[in-house]
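One structure follows; several queries about it will come next.
Please treat every number below as a calculation from the coordinates, not as lab data. None of the values given here were measured: they were computed from a predicted structure. With ideal geometry, Cβ positions are generated from the backbone for all residues, glycine too; neighbour counts draw on all protein chains shown.
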Amino acid sequence: MFAAIYEGLILGLVLAFSFGPGFFALINTGIKHGFKSAGSLAVGIFLSDLALVILIFVLLALGAQGFLSNPKSQSFIGVVGGIVLIVYGSFNLYSKPPKTDAQLEDSTGINHLNIETDVNKNREDKFLNKIDSKDKLPHPFMLGLKGFFINLLNPFVWIFWLATATTVGSKFEFDYFKIIIFFAFTLGVVLSTDLLKAFVSYKIKRFLTPKLMKVVNMISGIILIVFGFYLIYKIYFLPLQHHGH
């Protein structure tokens, strides 16, 4: 029991410091849209991990280990996942950074020192309505779905959880109570640290200028695109090269 808790915590902390596509998507979302939006993405990633762990154990119980470790299956998931990351990264490259609070206030033309006058109050109401209609945050469900599929379509996540599930299953002699405790602590730590990353990225937003935020967008976009091409290259093209030799 104690070993399951301890080892689950250790693995969760190791995963917390992994810098995969989900990490950069999380930081970028927190900076652009705030803590709640990044939190929705983090929950989507968590649910994806949870679903994968459950699915892998079900498939292992049904004797599908050969299918999960099949290179063709991994190649298909890798190419699809790579394309998703490339498209998502491209959106980051070309997306405009959100305006800072100061810019929004300056663009109203309102004298905030005398905001109680009817003229200024009407102008502010119109401006706020305009902001609400144009700058709505992404829907939490869509962000959760995005996090779910960014994680789900990464074949390395599948391989990692498959290896972990088989190792942990044999280590605890398929005592499912201990296995559930292990993964509960592992995924609990992952979710907690992802929410912490979302909170920190939201807090540092106030220190970022529009120019710096544009650079952050470009860097995270480039990293996601590189991850995408790397997935396609490593899963699909690299085996062909080895086969040719």
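Excluding residue 181 itself, what net charge comes from residues whose Cβ is under 15 Å from its Cβ, given Lys and Arg +1 and Asp and Glu -1?
The answer is -1.
Based on other C-beta atoms within 10 Å, arrange 203, 234, 32, 72 from fewest to most. List each step's numbers first, then the result.
Details: 203 12, 234 15, 32 23, 72 8.
Fewest to most other Cβ atoms nearby, the residues stand as 72, 203, 234, 32.
Quote to one decimal, in nm, the extra length available between residue 10 and residue 200 on full extension: 0.36 nm per residue of separation minus the C-alpha distance between them.
66.2 nm
A further question follows. Cut-off is 10 Å between beta-carbons; in what order do 7, 173 appear when sorted fewest neighbours first?
Ordered by Cβ neighbours within 10 Å, fewest first: 173, 7.
Classify region 5-44 as rounded, prolate or oblate, taking a ≥ b ≥ c as the square roots of the eigenvalues of its Cα gyration tensor: rounded when a/c is under 1.5, otherwise prolate if a/b is larger than b/c and oblate if not.
Note, shape of region 5-44 comes out prolate.
How would you rank 202, 176, 233, going from fewest to most other Cβ atoms within 10 Å of each one's own Cβ?
Lowest count first: 176, 233, 202.
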